[in-house]
Amino acid sequence: MRTLREQGLETPLQQKRLVEKWPEVAGPMIMRYTLNTYIYNQTLYVRLSNPALRADLSMRRQEFTKKRNTLVGEQVITDIRFC
């Protein structure tokens, strides 16, 4: 049986886990304004409905990037963009 890495499925699986853990990292207040999350080219995109929150989180994006990668146990994303 081939491993996930050999099949090229390890990274997509880690990305899926990372997106699913957004509520855990963000917390209930941020989740109220989260419209969508997805990963493209090792960047997590978080679409928010509140411009003030978007600006605040953009300043803290390195903190969120580290926290996200720590949750899945490896570097899956290199950046987070709040849009």
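The values are calculated or read from the model by the stated rules, or taken from the named source; none is laboratory data. Treat the numbers as computed from the prediction; the structure is a model and nothing was measured. Quick note on the areas: whole protein, heavy atoms, side chains included, nothing else; ligands and nucleic acids left out. Shrake-Rupley method; radii C 1.70, N 1.55, O 1.52, S 1.80 Å.
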| query | Taking the chain as a Gaussian network, Cα atoms linked when under 10 Å apart, which of R60, R47, R68 shows the biggest mean-square fluctuation? | reply | R60
| the chain: calculated mean residue ellipticity at 222 nm from DSSP helix runs of at least 4, using -39500 (n - 2.57) | -16500 deg cm²/dmol
| Normalised by the residues of the chain, what does the relative contact order come to in percent, with Cα pairs under 8 Å and at least six apart? | 33
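Hydropathy at least 0.0 by Kyte-Doolittle, axial extent at least 20 angstrom from the Cα trace: which helices of the chain, defined as entire DSSP H runs, fit? Write down the numbers at each step before the final one.
Working: long enough: none.
Length and hydropathy pass: none found.
So how much slack lies between R32 and R60, counting 0.36 nm per residue of separation and subtracting their Cα-Cα distance, in nm? Write out the running numbers ahead of the final one.
Working: separation 28, 0.36 × 28 = 10.08 nm, distance 1.82 nm.
Stretched out fully, the R32 to R60 stretch lengthens by 8.3 nm.
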| remark: Inverse of <1/r> over all distinct C-alpha pairs of the chain, i.e. the Kirkwood Rh in Å, gives 13.2
| task | Determine how large the accessible area of K16 is when every protein chain is in place; take a 1.4 Å probe and give Å² rounded to the nearest 10. | result | 110
